Amino acid sequence: MEVLEPLLEVVRSEGRAVVFTDLEDGSTRIVGAGEDPLGDELLRSGHSAVVELDGRAVFADVYAPPPRLLVFGAIDTAEALCAAAKALGWRTIVADARTRFASAERLPSADEIVVAWPEEALARVQPDHATAVVVLTHDDKFDIPALKGALGTDAFYIGAIGSRRNQARRRERLLEAGVPEDALERISGPCGLDIGASTPAETALSILAEILASRVGRSGGSLKDAAGRIHAEVA
């Protein structure tokens, strides 16, 4: 109870906390978001891990809400993305202003469906450092405000589907809308890993794999070609 009560207080007030436990003497320290750089890095990754702190090995236990996936565009790939993300324990949200598409019947795997234009949807969801945003629409009146708005948030991943030609055209529209050129580097487009995806389920797998890799700072290449550890770890 000595550790549990302060931890519960931090989680109640902030929703996120890391408990550092010294593996030698068992002493503990609790930090909330913004209190410690290493704690913030662990909260971004969402993974508990053994880390080095002040020259000592400690176990960092991460307490945080599940990551969120915000998808713009209620198409088949949105449902496939939500189904895959829910299998990982993520909270899934789909936003679309078109009421005939944004329905529970079409999106049974979505935890939340927001029937609104991108600006309103972003204001309601408020993407944070634990939120991935994917834009699946193919219409500038949805794409541009969704991407521009997402770039103004702390979302750790922003992706957009579409051909390379459409990506270049969309880039020009975003520049015309006042988005700084360097900010556009945050957008992964075409989003997803190169696995030859074709069906909605395969496309969802490709996109979610890139999201997972991005969250822990991995490139998403083949493990046999990777020089580091197999499992993600915050050093």
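The values are calculated or read from the model by the stated rules, or taken from the named source; none is laboratory data. The shown structure was predicted, so the numbers you read here are calculated from the model rather than taken from an experiment. Glycine gets a Cβ as well: all are built from the backbone with ideal geometry, and neighbour counts include every protein chain shown.
Sort out which residues of the stretch 186-208 are outside any loop (DSSP other than H, G, I, E, B) and farther than 19 Å from Ala83 by Cα, and write them in order of number. Working first, answer last.
From the stretch 186-208, those outside any loop (DSSP other than H, G, I, E, B) are 186-188, 200-208; that's our starting set.
Answer for the stretch 186-208, where residues must be outside any loop (DSSP other than H, G, I, E, B) and farther than 19 Å from Ala83 by Cα: Arg186, Ile187, Ser188.
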(Q) Could you list, ordered by first residue, the pairs with Cβ atoms under 7 Å in which the first is in the stretch 47-71 and farther than 30 Å from Val125 by Cβ and the second is of a type in the set (Asp, Glu), at least 6 apart or interchain? (A) Arg56/Asp22; Arg56/Glu24; Val58/Asp22
Q: Give the number of residues within the stretch 17-34 that are surrounded by 14 or more Cβ atoms within 10 Å (Cβ to Cβ) and out of contact with any Pro (no Cβ under 7 Å at 6 or more places or on another chain).
A: 11
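Go through the stretch 1-27 and count every residue that is in contact with a Ser or Thr (Cβ under 7 Å, 6 or more places away or on another chain), at pLDDT 85 or above and over 12 Å from Ala64 (Cβ atoms). Before the answer, list the steps.
First, pick out the residues of the stretch 1-27 that are in contact with a Ser or Thr (Cβ under 7 Å, 6 or more places away or on another chain): 3, 19-21.
From what is left, the residues that are at pLDDT 85 or above are 19-21.
Those left that are additionally over 12 Å from Ala64 (Cβ atoms): 20-21.
Residues meeting the conditions: 2.
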Q) So which residues in the stretch 46-62 are surrounded by fewer than 18 Cβ atoms within 10 Å (Cβ to Cβ) and of a type outside the set (A, V, I, L, M)? A) His47, Ser48, Glu52, Asp54, Gly55, Arg56, Phe59, Asp61
**Q.** Selection from the stretch 156-182 of residues that are under 17 Å from the mean Cα position of the chain (by Cα), of a type in the set (A, V, I, L, M) and not in a loop (DSSP other than H, G, I, E, B)
**A.** Ile158, Ala160
Q) Any idea which of Arg124, Arg98 is surrounded by fewer than 24 Cβ atoms within 10 Å (Cβ to Cβ), assigned by TED's automatic domain parsing to the domain that holds Ala209 and at pLDDT below 95? A) Arg98
Q: Keeping to the stretch 56-70, report how many residues are at pLDDT 85 or above and not in a strand (DSSP E or B).
A: 2
